[in-house]
Every structure is written in C-alpha cells, then in structure tokens.
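Novice: Please find one structure pasted underneath; my questions will follow.
The values are calculated or read from the model by the stated rules, or taken from the named source; none is laboratory data. What you are looking at is a predicted structure, and each value in this text was computed from that prediction instead of being measured. Cβ sites come from the backbone with ideal geometry, for glycine too, and all protein chains shown count toward neighbours. Remember, those area values only see protein heavy atoms, side chains included, never the ligands or the DNA or RNA. Shrake-Rupley method; radii C 1.70, N 1.55, O 1.52, S 1.80 Å.
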Amino acid sequence: MRRDKKLTALVLLLLFIHGVAILAGFFSPYSYREQNREVPLAAPTELRWVDGRGAWHLRPLVESPIAGGALVPLRFFVRGSSYSVLGLFGSDLHLFGVDEPHRVFLLGTDALGRDYFSRLVVGAQVSLTAGLVAAGLALTTALSLGALAGYFGGFIDSAIMRLVDVFLSLPWIYMLLAARAFLPLDMAPGTAFFVIVVLLGLLGWPAPTRIVRGIVLSAREREYVEASRGAGAGHLHLLRRHILPQAYSAIAIQATLLVPAYMLAEVTLSYVGLGVGEPLPSWGNMLADLPRGSLLGAEPWTFAPVFLLVGVTWLYHSVLSSLGDHYSRRNLGATT
Amino acid sequence: MVFHRLLTVGFIQSSVSFWIGRIAQALCALFAVSILAFLFLELAPGDYLDRMRLSPQISQETLEAMRVQYGLDRPFVARYWTWLGAVVTGTWGYSFAYGIAVAPLVWGRVMNTLVLGASALAVAWALALPVGVWWATRRSTAAGFSMGFLTSVILGFPELILALILLVLAERSGAFPVGGMRSIGAEDLSAWGRARDLLWHLVLPVTTLALPAFAMLVRHVKAAVEDVMAETFVLNARALGVTGRRLVLHHVLRPAANPLISIAGLSVASLLSGSFIVEVVMGWPGLGPFLLEAIRARDVHVVIGGVMCSAVLVIAGGLLTDLVLYLNDPRMAAR
C-alpha cells in the first residue's frame, strides 16, 4: 500500500510538471520573445517582504531592474502579453507580474534581455510536449500494428514483424540525423518541432509493437475470448473489450520509458542546432546557449534547464521502477 | 542431453537455416537503411550546390556543369545504383566538401568512435558484473538499498548533462583535458607516451558513457542473478552445502548469462547513440561531430556513409549477440 502511495505521488508530481508546461503562457509572466535590451544578462530579481521603512508585507515586493530599483508590489492574475493554450484558445492572463513599466525576472535575463524564467517554462512546453506527442504517436502505431500482427497472424504478422526486425537494427539517432540532414536547416521553429516529433514517433514504434503483439498473441487464445467469439463478437469488439486491455500495463511501462527518451532526443537535436531553433526556446537550445568556452563563468541560474532535465528524467525512471513493481505485484505480467 | 540433440540431423538443419535467415535479415536491414537514407535525400529540398548558387561569382553554366559532374541531375534509381557500385568497389562515393573518397574519411572516424565505445562498454561491464552479483546477494541490507538509490540517481542524469557537468569539473580542477583525443605534439612522443596521452583523454568521455551504462547494466545483472537464485536447483545446491563464492561461480552465473548477453547486444546500440552527444560535447573526433559537419554542409555521400557505418555497427552487434547466445545455449536456434 505504501509503495502504491509513492507511485501516486510521483505520477501526480509528473502530471503537475506537464500541466505547468502545457499552461506555459499562464505561468510565464512575459512572452518568450519579448526583449528588454536595456537589461541584458540581468541577475534574478529579488523578492522582499520588508520595505525601505522596515514594515512587513504579506505581498512580496519586487526590486524592479527597470527605473533604478524601485520597490513595486508583485501582483497576481495580471493581464499581459497574449498567448494561446495548445492552439485551442487564447488568453492574456498571467499568474503573476508587476505594474508597467517595471519587470520581474525570477531567473534573470539572457543576452537579449529576455526573461529567463518565461523561456524556461515555454522551453518545458516544447521539450515535454515533444516527448509526450512523439511517444503517443509511437505507442498508437505500436498498439494498432501489434494488434493487427498478433490477432490476424499469418502473412500480416510476418510482414509486420520483419519490418520490426529491420527497424530495430537501425541506429536511431543517426537515422534521425540523416532524416534531419536533408530537411532545410532554416526551418521555422514550429515546423521543425512538428517534423522532429513525427520522425521520433516513426522511429520508435518497433519495440513496443513487438511487445503488444506478444501480449495479443497469448490473449486471443484465452477462454473468455473464445467464449465471446462464440457468442458472436466481431473482431473490433474482441480487440477493444477483451484483448487490448491486456496490453495496457505494458503500454504504460513503455510510455514511461519512451517519453523521457524522446524528450532527451529533442533536447539533443536542439542542442546541436538541428532541432527547434530560435526564437522558440527548448531546453536543448537553452543549454546550447551556456557559454561554451568557460562554463565556470556562467551564472548559476542559467543552469536551470540542467536541473529540470535531471529532475524530470529521474521522476520518469522512478515511476518506471515503481510501475514495474506495481504490475508485478498485481501479477498482470508486465512483459517488458 | 543438449549435446546429444546437437548431433541429430534435424537440429543441425534448423540451426543452419536459422543462421542463414539471421544473416539475410541483417543484410535486408542494411539495404533498408541505405534506401531510407537515399529516400530522405530525394524528398528533401536543396542540395550541396545551394550555397554556391547564392554566390554571384559562380555562373549558371558552372553550376549546371557541377550538377552533372556530381551526378545530381540524374534520377533517383540511377544515383542509388551508382552508389551501390561505389560500395562494392570500396570508395563509398565521393565527398563534395573534401573531394576524396568517403570510405577512408569515415573509416578513421569510426575507429575513434569504436575506441571510445569499446572502452566505455568494457569499463561498464567490468564494474557491473561483480557489483551486480554482490548486490543480488545482499539486496535487503542497507548497502543494497543505497545501491538502488545510487543507480536511480545516476539514471536521472542524461549523457548530455553528465558531459557538461564533467567538463565543468575538469575545467575547475585542471586535472583532465577538456576535449579532443590527443594533446598538441603527441605525435612526437614515444608509443608508450602516445598511449598514455590517449588514455588521459579517454577518462572524461569514457566516464560519461560508462556511468549511465553501468547503472543500467548493474540493475539487469542483479535482476538476472536474483531470478536464478530463486530456482530450485540453487536451493538444492544450498541444501548440499554449496555456499558463497562457489555457489555463485559454479551454479548461478552460467544460467544467469542468457538475458545478460541479449542486453550486451542492445547496449552496443544504445552506446552508439549515447556516444554521439558525448563526442559532440567533448570534441572527440568520432563519427558524431563528423556527421554533424557533413549534415551542415549537405555532403550527401558522407552523411550516408556515416549512417551506414553506424548501422553496420549496430547490426554487427546484434549478430554477435546471437552468436554468443548460440554458443552458450545452442537450443536458441531451434525455437
């Protein structure tokens, strides 16, 4: 029981992080591309609870980097730059901010005076969403192809499994590079993001397909499936109601493996300049912005993407091992 | 019992057909890689001459002549056919940027990648085997739990991050070179001096690659040994008074080897993808940075050559794994 609580806590934490990433526009006080040229490479803005006269404030005061360090109160749910959530609806409401023309930079600014905190949150949106969508794509493909191969068998099965064998022996990062090599280098960031996600999904389906096929193969011989078939159930109904649910635990485990792997793949590609490009931030191109020659000279807060990447990867690994324990205790045969 | 079955005609036939099928599959995979690479190239807009086209000093006629000379005007199938011929003759096509055959260019870089990858694999396995066995025998002690924690922390650090952190540490301490494969003037050293210089440069990239590989492998070793420890024949051996080192070495390790050999084969592939980013960040002159450079220059044949080489490495790793699995337990060919 205690272990299941740990799993729940880890999953909730991950959901929270992904939620923040999806609502990046709301949590970031400014647009990721808004430049404040007069304050490049600013240090993080200090929050204070005591004003100049020594009085305490419940609402933190911000020492504005603009206009000579005046103390201005931090405000919540303010109107600011407009953004859109998942491209579905637009808004201009932000969690926090300060009155114009003052600014609050929680993690300082980059060389162009862009708010580093906002870029970090939007970068999280780009990197985490890339991992999620690519894994979703790969797993959907795996679920349908694996079901086809395992359920119908015969020619379909051997055709799909030969394809899986071929794809499994591909050096995937080099294939990714090759695919990216022949696309224009100066792609618009949005297009580049889309292309990367699709490529990752295309290269990632074989391993989970093999797993799903194995599960479907054994599940279709079960007596309750036979019974349902005898009662006149069609292929689609059998697959949806009786066979594929057997594969869900394996899919969950594959998802916790693939999402961080794809997130890292996006970060790697963007780091070497073949992924999402400026001005759109991703954790990868933010890492690439760290001064290469002297990492020592870099300010500590510019290492924020490092901490976030390590944290998210670690969380996924913990969920993975807890999930493995969880399923093996429930004896659902997590055949990974 | 196993040897008896080995001698039957049916078994030999099935293992011969298994190996023929396996090698055919490897060749198919290589073909698939090359065709995919060429297809990407075909679908992509732009070519090597695009950058020259921007220059006002190069006339349209010259560009046309170069297109013909590089063979960029010919249809897809014809270009693929020419490339296959170049593979057979061993040149692997010509590099636009370097103006020489691709094979020797790529070969030097592949050797550097292999040096790095093989050392990292060797280090990771040399550590993971004893530590994993040790861990499996004391899993519910404090040391066992702290191993679990330690490996999960290591696994939280992607290679890219690990490389950056190690670079910062190296820069701060000054104890290790922060990039490259050889010191300036290394050519003048004796053979022993050159080897020491290479080892010195290997420390950081090998650590970066071997640490996560170790954390992953040690978990697999532990799991495999634990599984075998739960078998009845181990209980039997224990009942007969076999304990400690003798139990592990004589009764547990051999049956625990099978899943580990499969994992060894997979670790070749994952190491190759891991070494790409380490090479780029740490300036190791391997396949990774070379390919990156070729991609930026749109040097088609070099990109395809590099991709093919990495495919050969991964596929050879898979074949080698199956061979070792077969030698350990020939029944695997007769599924």
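Novice: Within the stretch B:318-330, identify whether any single residue is surrounded by 21 or more Cβ atoms within 10 Å (Cβ to Cβ) and within 13 Å of chain A (Cβ to nearest Cβ), and answer yes or no. Walk me through how you get there before you give the answer.
Specialist: Narrowing the stretch B:318-330 to residues surrounded by 21 or more Cβ atoms within 10 Å (Cβ to Cβ): B:318.
In the following step, the residues that additionally are within 13 Å of chain A (Cβ to nearest Cβ) were identified as B:318.
Yes.
Novice: Shifting gears a bit: Do we find a residue being among the polar types (S, T, N, Q), surrounded by 12 or more Cβ atoms within 10 Å (Cβ to Cβ) and more than 21 Å from A:Val126 (Cα to Cα) anywhere in the stretch A:45-59? Full working, then the answer.
Specialist: Quick first cut of the stretch A:45-59, residues among the polar types (S, T, N, Q) only: A:45.
Narrowing further to those that are surrounded by 12 or more Cβ atoms within 10 Å (Cβ to Cβ): A:45.
From what is left, the residues that are more than 21 Å from A:Val126 (Cα to Cα) are A:45.
For the stretch A:45-59, residues among the polar types (S, T, N, Q), surrounded by 12 or more Cβ atoms within 10 Å (Cβ to Cβ) and more than 21 Å from A:Val126 (Cα to Cα): present.
Novice: Let me ask something else about it. Within the stretch A:148-155, is there a residue that is closer than 30 Å to B:Gly305 by Cβ, more than 13 Å from every other protein chain (Cβ to nearest Cβ) and hydrophobic (A, V, I, L, M, F, W, C)?
Specialist: Start the filter on the stretch A:148-155 by keeping residues that are closer than 30 Å to B:Gly305 by Cβ, which leaves none.
Within the stretch A:148-155, not a single residue is closer than 30 Å to B:Gly305 by Cβ, more than 13 Å from every other protein chain (Cβ to nearest Cβ) and hydrophobic (A, V, I, L, M, F, W, C).
Novice: Ok, one more. Out of A:Ala43, A:Ala21, which single residue is in contact with a helix residue (DSSP H, G or I) (Cβ under 9 Å, 6 or more places away or on another chain), assigned to a loop (DSSP other than H, G, I, E, B) and within 28 Å of A:Pro300 (Cα to Cα)?
Specialist: Details: A:Ala21 fails: assigned to a loop (DSSP other than H, G, I, E, B).
That would be A:Ala43, the only listed residue that is in contact with a helix residue (DSSP H, G or I) (Cβ under 9 Å, 6 or more places away or on another chain), assigned to a loop (DSSP other than H, G, I, E, B) and within 28 Å of A:Pro300 (Cα to Cα).
Novice: So the check is Cβ under 7 Å with 6+ separation or different chains; which pairs have a first residue in the stretch B:55-72 that's of a type in the set (Phe, Trp, Tyr) and a second one that's modelled with pLDDT of 75 or more and surrounded by 10 or more Cβ atoms within 10 Å (Cβ to Cβ)?
Specialist: Note: pairs meeting the criteria are B:Tyr70/B:Phe96.
Novice: Right, another one. Which of (1) modelled with pLDDT under 85; (2) within 14 Å of chain A (Cβ to nearest Cβ); (3) under 20 Å from the mean Cα position of the chain (by Cα) is the odd one out, the single condition B:Arg139 does not satisfy?
Specialist: Going through (1) modelled with pLDDT under 85; (2) within 14 Å of chain A (Cβ to nearest Cβ); (3) under 20 Å from the mean Cα position of the chain (by Cα) one by one, B:Arg139 breaks only (3).
Novice: Here is a follow-up. For the stretch B:242-266, give me the residue count where each residue is open to solvent by less than 60 Å² (accessible area, probe 1.4 Å) and not in a helix (DSSP H, G or I).
Specialist: Here the count works out to 1.
Novice: I would also like to ask the following. Which condition does B:Ile184 not pass, out of (1) surrounded by 16 or more Cβ atoms within 10 Å (Cβ to Cβ); (2) not in a helix (DSSP H, G or I), if it passes all the others?
Specialist: (1) is the only condition that B:Ile184 fails.
Novice: What number of residues in the stretch A:81-110 are over 16 Å from A:Glu63 (Cβ atoms) and in contact with a Leu (Cβ under 8 Å, 6 or more places away or on another chain)? Reasoning before the result, please.
Specialist: Taking the stretch A:81-110 and keeping what is over 16 Å from A:Glu63 (Cβ atoms), we get A:81-95, A:100, A:110.
Right, trim to in contact with a Leu (Cβ under 8 Å, 6 or more places away or on another chain) and you get A:85, A:110.
Of the residues in the stretch A:81-110, 2 are over 16 Å from A:Glu63 (Cβ atoms) and in contact with a Leu (Cβ under 8 Å, 6 or more places away or on another chain).
Novice: Taking the stretch A:259-295 only, how many residues are at pLDDT below 80, closer than 25 Å to B:Ala170 by Cα and either more than 9 Å from chain B (Cβ to nearest Cβ) or in a loop (DSSP other than H, G, I, E, B) (or both)?
Specialist: Within the stretch A:259-295, residues that are at pLDDT below 80, closer than 25 Å to B:Ala170 by Cα and either more than 9 Å from chain B (Cβ to nearest Cβ) or in a loop (DSSP other than H, G, I, E, B) (or both) number 6.
Novice: Can you tell me which residue in the stretch A:138-163 is modelled with the lowest pLDDT, limited to those that are surrounded by fewer than 20 Cβ atoms within 10 Å (Cβ to Cβ) and closer than 13 Å to A:Leu202 by Cα?
Specialist: A:Leu163
Novice: What number of residues in the stretch B:12-30 are touching a Phe, Trp or Tyr at 6+ places or on another chain (Cβ under 9 Å) and at pLDDT 80 or above?
Specialist: As a first pass, look at the stretch B:12-30 and keep what is touching a Phe, Trp or Tyr at 6+ places or on another chain (Cβ under 9 Å): B:15, B:18-19, B:29.
Imposing the further condition that a residue be at pLDDT 80 or above reduces the set to B:18-19, B:29.
Selection size over the stretch B:12-30: 3.
Novice: Filter the helices (runs of 4 or more DSSP H) completely within the stretch A:145-224 down to those with at least 1 residues that are under 23 Å from B:Val302 (Cα atoms). Please lay out each step first, then the result.
Specialist: Values: elements: A:154-168, A:172-181, A:189-204, A:206-219.
Output list reads A:154-168, A:172-181, A:189-204.
Novice: Of the numbered conditions (1) without any contact (Cβ under 8 Å) to a residue 24 or more places away in the chain; (2) within 13 Å of chain A (Cβ to nearest Cβ), B:Ile277 fails exactly one; give the number of that condition.
Specialist: The one condition B:Ile277 does not meet is (1).
This table checks each residue for (1) part of a helix (DSSP H, G or I); (2) among the β-branched types (Val, Ile, Thr); (3) more than 25 Å from A:Glu266 (Cα to Cα); (4) touching a Cys at 6+ places or on another chain (Cβ under 7 Å).
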{"site": "B:Ala97", "(1), (2), (3), (4)": "no, no, yes, no"}
{"site": "B:Ala118", "(1), (2), (3), (4)": "yes, no, yes, no"}
{"site": "B:Val133", "(1), (2), (3), (4)": "yes, yes, yes, no"}
{"site": "B:Ala143", "(1), (2), (3), (4)": "yes, no, yes, no"}
{"site": "B:Val153", "(1), (2), (3), (4)": "yes, yes, no, no"}
{"site": "B:Ile161", "(1), (2), (3), (4)": "yes, yes, no, no"}
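Novice: Still on this model: Can you confirm whether the stretch B:156-169 contains a residue that is free of Cβ contacts under 8 Å to residues at least 12 places away in the same chain, within 12 Å of chain A (Cβ to nearest Cβ) and farther than 30 Å from A:Tyr262 by Cα?
Specialist: no
Novice: Separate question: Within the stretch A:82-115, count every residue that is open to solvent by 50 Å² or more (accessible area, probe 1.4 Å) and either among the β-branched types (Val, Ile, Thr) or part of a loop (DSSP other than H, G, I, E, B) (or both).
Specialist: 9
Novice: I need the full set of residues from the stretch B:280-298 which are more than 9 Å from chain A (Cβ to nearest Cβ), open to solvent by 10 Å² or more (accessible area, probe 1.4 Å) and not in a helix (DSSP H, G or I), in order please.
Specialist: Those that are more than 9 Å from chain A (Cβ to nearest Cβ), open to solvent by 10 Å² or more (accessible area, probe 1.4 Å) and not in a helix (DSSP H, G or I): B:Gly283, B:Pro285.
Novice: Turning to a different aspect of this structure: Output the number of the condition that B:Ser310 fails; it satisfies all remaining conditions of (1) in contact (Cβ under 8 Å) with a residue 60 or more places away in the chain; (2) within 9 Å of chain A (Cβ to nearest Cβ); (3) within 10 Å of the chain's Cα centre (by Cα); (4) open to solvent by less than 30 Å² (accessible area, probe 1.4 Å).
Specialist: Of (1) in contact (Cβ under 8 Å) with a residue 60 or more places away in the chain; (2) within 9 Å of chain A (Cβ to nearest Cβ); (3) within 10 Å of the chain's Cα centre (by Cα); (4) open to solvent by less than 30 Å² (accessible area, probe 1.4 Å), only one is false for B:Ser310: (1).
Novice: Oh, and also: Mind telling me which of the residues A:Arg220, A:Arg180 ends up being modelled with pLDDT under 85, basic (Lys, Arg) and open to solvent by less than 40 Å² (accessible area, probe 1.4 Å)? Outline the logic, then answer.
Specialist: Details: A:Arg220 fails: open to solvent by less than 40 Å² (accessible area, probe 1.4 Å).
Within the list A:Arg220, A:Arg180, the selection yields A:Arg180.
Novice: Only one residue in B:Phe176, B:Phe149 is free of Cβ contacts under 8 Å to residues at least 40 places away in the same chain and surrounded by 15 or more Cβ atoms within 10 Å (Cβ to Cβ). Which one?
Specialist: Details: B:Phe149 fails: surrounded by 15 or more Cβ atoms within 10 Å (Cβ to Cβ).
Result of the check over B:Phe176, B:Phe149: B:Phe176.
Novice: Moving on to the next point. Please determine whether any residue of the stretch A:118-131 is within 14 Å of chain B (Cβ to nearest Cβ), in a helix (DSSP H, G or I), in contact with an Asp or Glu (Cβ under 6 Å, 6 or more places away or on another chain) and open to solvent by less than 20 Å² (accessible area, probe 1.4 Å).
Specialist: Scanning the stretch A:118-131, I find at least one residue that is within 14 Å of chain B (Cβ to nearest Cβ), in a helix (DSSP H, G or I), in contact with an Asp or Glu (Cβ under 6 Å, 6 or more places away or on another chain) and open to solvent by less than 20 Å² (accessible area, probe 1.4 Å), so the answer is yes.
Each row is one residue, and each column tells you yes or no for (1) under 18 Å from A:Asn36 (Cα atoms); (2) modelled with pLDDT under 85.
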| position | (1), (2) |
| --- | --- |
| A:Leu86 | no, yes |
| A:Gly97 | yes, yes |
| A:Glu100 | yes, yes |
| A:Val104 | yes, yes |
| A:Leu107 | yes, yes |
| A:Ala111 | yes, yes |
| A:Phe117 | yes, no |
| A:Leu120 | yes, no |
| A:Leu132 | no, no |
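Novice: Can you name every residue in the stretch A:1-58 that is within 26 Å of A:Glu278 (Cβ to Cβ) and polar (S, T, N, Q)?
Specialist: A:Ser28, A:Ser31, A:Gln35, A:Asn36, A:Thr45
Novice: Follow-up question, since we're still on this one. Kindly indicate which of A:Pro65, A:Pro73 is more than 20 Å from A:Gly113 (Cβ to Cβ) and either assigned by TED's automatic domain parsing to the domain that holds A:Thr129 or touching a Lys or Arg at 6+ places or on another chain (Cβ under 7 Å) (or both). Lay out the reasoning, then the answer.
Specialist: Values: A:Pro65 fails: more than 20 Å from A:Gly113 (Cβ to Cβ).
Going through A:Pro65, A:Pro73 in turn, just one is more than 20 Å from A:Gly113 (Cβ to Cβ) and either assigned by TED's automatic domain parsing to the domain that holds A:Thr129 or touching a Lys or Arg at 6+ places or on another chain (Cβ under 7 Å) (or both): A:Pro73.
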